[in-house]
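Novice: One structure, as structure tokens, below. Some questions next.
Any read-out appearing in this document is the output of simple, stated calculations on the displayed coordinates, not a laboratory observation. For clarity, every value in this text was computed on a predicted model and none was experimentally measured. When we count neighbours, we look across all protein chains shown, and the Cβ atoms used for this are built from the backbone with ideal geometry, even at glycine.
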Amino acid sequence: MEINHTLIEKYNVPVPRYTSYPPANHFTPAEDPSEYQKILDASNKWDPAHVALYVHIPFCKKICFYCGCNACTIKSGNEVTDYVNAIHREIALLAQHIDSVRKVTQLHFGGGTPNAIPSSMVTGIVRKLKDTFNFSDDAEIAIETNPAYLDLTYLDQLLLAGFNRFSFGIQDFNTDVLKLVNREIPAIPVNELIDHVRNQNPSAAVNLDFIYGLPGQTPESFSETIKKAASLSPDRLVTFSYAHVPWLKKHQQILEKHGLPGPNEKTEMFLAAYKLLNKRQYEPIGLDHFVKPEDELFKAQKAQQLHRNFQGYCTRKSSGQVYALGVTGISQLGRAYLQHTKDLKEYISEIEKDRIPIDKQMKISPDQFVIREVITQLMCNKEIKWKLLADLLDLSREELLSTIRYDKTALKHLASDGIIEFDGSGIKVTETGSLFIRNVAASLDPAYEKEINKYSKSI
């Protein structure tokens, strides 16, 4: 894969990340509690029928300067205990609205840093969830971790609780880079963590997560990081593009003092990783994942059955509507979104009053549902066949195209730049176009408006 720098200059513009459609900045204030309770009840009749649970742990030992998540440092007192107790109470509140016959196929702990709190608290939440909901025998139970705060005893507790996918947030193996972004090095060598997981549970999977575009990184240094990562043979390897949004996250301004790589350098980092992983027999998935050929995600992508939710990529077979627990969590339901308050004290206070603290919501209109399916298909499987997708949505081809932004001139421009292949039957993202897939999605989005300080840039 080669990328012309002219394309970078042309397409490096603010666009949504499209982890949801509509994006979260379109959500509106939730004012009537009975309304979101009706939405939860109605979701039992929406597709997919499976349940995916997300638990947000906002706490960190300290804040990494690149962080774009809703996170806070652990303070003295009972804040962590009060929060975990609130999660337990919210589980019981949520269960009142979920049909007990529905199967939980995914459980994901994110943050923040989930392993910043005691393992007993994490495993206690898992026990409560398993006692409350109907888990599938092959449910994926996953957790994001910071290896700086991970030892083998903690890992053993997670394994005993049933965790079977571990994401180790390495970000970079270069210690100089980690110092610049306020992140500590792993407490135990990463290869020992991986070996321990596999020895204790051979069927458990390991992800290694990295960020490119940080101060101190160069294409050469990031190549060395990816070489080391590939030598560890993780099941999946993720290369996230750093999203610089200092107007939302003030601490990111610190990184500007050290100097951020430009879009051309970031592209070279991605391409170097892409080529290295390709040589190591890793297959590119979606926007930023690389997996082994035997991975179910690669098989799903080949069959045009790859799906995506807030918890990451999954197969359509295993995907479920996402029900979030905890501060700032977003429930991603078949026909609506519900977002919790972002305020930690308000979350705890409302839960203690037996009220789920929904701050924002959005019902998805019939047109938005169609647009969401188009963008999801594009972002996951990199190809849309108009007639096939229209049939799945029970629409005519003409109805489908009239719902999205179907601008032949814009699509022809993308095709002439080598980003997509385009004809009357559909569009297909090229290998080069994978880097600009968010731009392609935005071209099909009738609601997209290019605005500074609204979205991160595409590169």
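Novice: Roughly speaking, what is the stretch gain from Glu449 to His26, that is 0.36 nm per residue apart minus the C-alpha to C-alpha distance, in nm to one decimal? Don't skip to the end; give the middle numbers.
Specialist: On the way: separation 423, 0.36 × 423 = 152.28 nm, distance 1.19 nm.
The span from Glu449 to His26 would gain 151.1 nm if fully extended.
Novice: Now, a different point. Order 290-299, 388-397, 56-65 from most to least packed using the mean count of other Cβ atoms within 10 Å.
Specialist: Details: 290-299: 17.9, 388-397: 14.8, 56-65: 20.5.
Most protected by this proxy first, the peptides run 56-65, 290-299, 388-397.
Novice: Taking the simple approach of a point 7 Å from Cα along Cα-to-Cβ for both Asp391 and Ala42, what is their distance in nm?
Specialist: Between Asp391 and Ala42, the label points sit 3.0 nm apart.
Novice: For the stretch 366-443, what is Rg from Cα atoms divided by 2.2 N^0.38 Å, rounded to two decimals? Please report the intermediate quantities before stating the final value.
Specialist: Values: Rg = 11.6 Å, N = 78, 2.2 N^0.38 = 11.5 Å.
Against the compact-globule rule of thumb, the ratio is 1.01.
Novice: Cut-off under 19 Å on the C-alpha distance; same-chain residues fewer than 8 positions from Lys45 excluded. Which aspartates and glutamates are left, in chain and number order?
Specialist: The qualifying aspartates and glutamates are Glu35, Asp99, Glu373, Asp394.
Novice: What is the ratio of the Cα radius of gyration of the stretch 31-159 to 2.2 N^0.38 Å, where N is its residue count, to two decimals?
Specialist: So the stretch 31-159 has a normalised radius of gyration of 1.14.
Novice: While we're looking at this one, here's another question. Which aspartates and glutamates have a Cα less than 12 Å from the Cα of Lys266, not counting those fewer than 8 places away in the same chain?
Specialist: Hits, sequence-local ones excluded: Glu220.
Novice: Give me the percent of DSSP beta bridges within the stretch 26-363 that run antiparallel, rounded to the nearest 5.
Specialist: Details: 21 of 57 bridges.
Here the antiparallel bridges make up roughly 35 percent for the stretch 26-363.
Novice: Taking 0.36 nm per residue of separation and subtracting the Cα-Cα distance, what length does fully extending Glu296 through Arg198 add?
Specialist: Gain on stretching Glu296 to Arg198: 33.4 nm.
Novice: Right, next: Would any residue of the stretch 151-167 have its amide N under 17 Å from a label point 7 Å out along Cα→Cβ of Arg127? List them or say none.
Specialist: Answer for the stretch 151-167: 154-163.
Novice: I want to check the label-to-label distance for Lys61 and Glu224. Put each point 7 Å from Cα in the C-beta direction and report it in nm to one decimal.
Specialist: Reported label-point gap for Lys61 and Glu224 is 2.4 nm.
Novice: Shifting gears a bit: So what is the orientation-averaged projected area of the stretch 325-387, using the convex hull of its C-alpha atoms, in nm²?
Specialist: 5.3
Novice: So if R0 is 30 Å, what FRET efficiency would Ile74 and Glu352 give, r being the distance between their Cβ atoms, rounded to the nearest 0.05?
Specialist: Values: r = 20 Å, r/R0 = 0.68.
Once rounded, the FRET efficiency stands at 0.90.
Novice: In the stretch 45-86, which residues have a backbone nitrogen under 19 Å from the label point lying 7 Å from Lys250's Cα in the Cα-to-Cβ direction?
Specialist: Residues 60, 62-75 fall inside that zone.
Novice: For the chain, just the Cα set please: Rg and Dmax, both in angstrom.
Specialist: Looking at the chain, its Cα Rg and Dmax stand at 21.5, 63 Å.
Novice: Still on this model: For the stretch 97-228, report the % of Cα-Cα distances exceeding 24 Å.
Specialist: Details: 3076 of 8646 pairs.
Percentage above 24 Å: 36.
Novice: Let me ask something else about it. To the nearest 0.05, how large is the calculated FRET efficiency for Lys412 and Ser136 if R₀ is 51 Å and r is the Cβ-Cβ distance? Don't skip to the end; give the middle numbers.
Specialist: Working: r = 45 Å, r/R0 = 0.89.
Given R0 = 51 Å and the Cβ-Cβ separation, E is 0.65.
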